Each structure stands twice: as C-alpha cells, then as structure tokens.
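A.B. asks: Below: one structure in structure tokens.
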Amino acid sequence: MRFIPSPDRRAEVLARVARVLAGAGQHGQAARVAEQAEAATRSITSPDRHPEVLAQVVEALARAGQHEQAEAATRSIIDPY
C-alpha cells in the first residue's frame, strides 16, 4: 500500500482491508495488515485526522484478535480539542 502517498488514507484503506480479512476468518493476515495500518498512523501529521484514523485502526486490530495491541493504541489517541 505504499502507492497511496497520504498516510491517513493509507491507514484507512489498510484498516478496511484488515476488517474484511478478519470478517472472512483470515485473522493472521488481518493482524499483519492492521499492524501496517497502525504503522501508517505514525506518519499522520494532522491533529484532526490522527484520532479519527487511529480509531479505525484500533477497530481493525480488535477484529483481527490483536486485543492487547488495540488497547495500547487506544491509549495513544489524543483528542485535538
């Protein structure tokens, strides 16, 4: 997914793919894709977009069975307001 230059869009797309994979029972592959999505969120510079996108990634991690990682990611969500 490196061809999507915007890190927030890349994270959103990867999170969506991870959710679909988890829904199809492909939890191992979903976990790997969700981890890529989480990594992409680290490059998001917009304080408005970061929490929104990270919340989508947290959902994908949880659906992929990565509950501890999802919980840890929730702690990094900062409300920009």
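A.B. asks: Looking at the stretch 29-52, I want the residues that are more than 11 Å from GLU12 (Cα to Cα) and have a partner that is of a type in the set (Lys, Arg) and crowded, with 18+ Cβ neighbours inside 10 Å with Cβ atoms under 8 Å, at least 6 apart or on another chain. Which pairs are those?
C.D. replies: Short answer, once both residue conditions are applied: ALA30/ARG19; ALA30/ARG63.
Matching residues to (1) more than 11 Å from the chain's Cα centre (by Cα); (2) surrounded by 14 or more Cβ atoms within 10 Å (Cβ to Cβ); (3) not hydrophobic (A, V, I, L, M, F, W, C):
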{"site": "ARG19", "(1), (2), (3)": "no, yes, yes"}
{"site": "ALA22", "(1), (2), (3)": "yes, yes, no"}
{"site": "GLN36", "(1), (2), (3)": "no, yes, yes"}
{"site": "GLU71", "(1), (2), (3)": "yes, no, yes"}
{"site": "ILE77", "(1), (2), (3)": "yes, yes, no"}
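A.B. asks: Answer yes if at least one residue in the stretch 4-27 is among the hydroxyl-bearing types (Ser, Thr, Tyr) and touching a residue at least 24 places away in the same chain (Cβ under 8 Å), and no otherwise.
C.D. replies: No, that holds for no residue.
A.B. asks: Within the stretch 50-64, can one find any residue that is basic (Lys, Arg) and in contact with a Gly (Cβ under 9 Å, 6 or more places away or on another chain)? Reasoning before the result, please.
C.D. replies: Step one: filter the stretch 50-64 for residues basic (Lys, Arg), giving 63.
Those left that are additionally in contact with a Gly (Cβ under 9 Å, 6 or more places away or on another chain): 63.
Among the residues of the stretch 50-64, at least one is basic (Lys, Arg) and in contact with a Gly (Cβ under 9 Å, 6 or more places away or on another chain), which makes the answer yes.
None of the figures in this text is laboratory data; all of them are computed from the coordinates on show. If you're wondering where the values come from, they're calculated on a predicted model, not measured in any experiment. Positions of Cβ are backbone-derived with ideal geometry, glycine not excepted, and every protein chain shown enters the neighbour counts.
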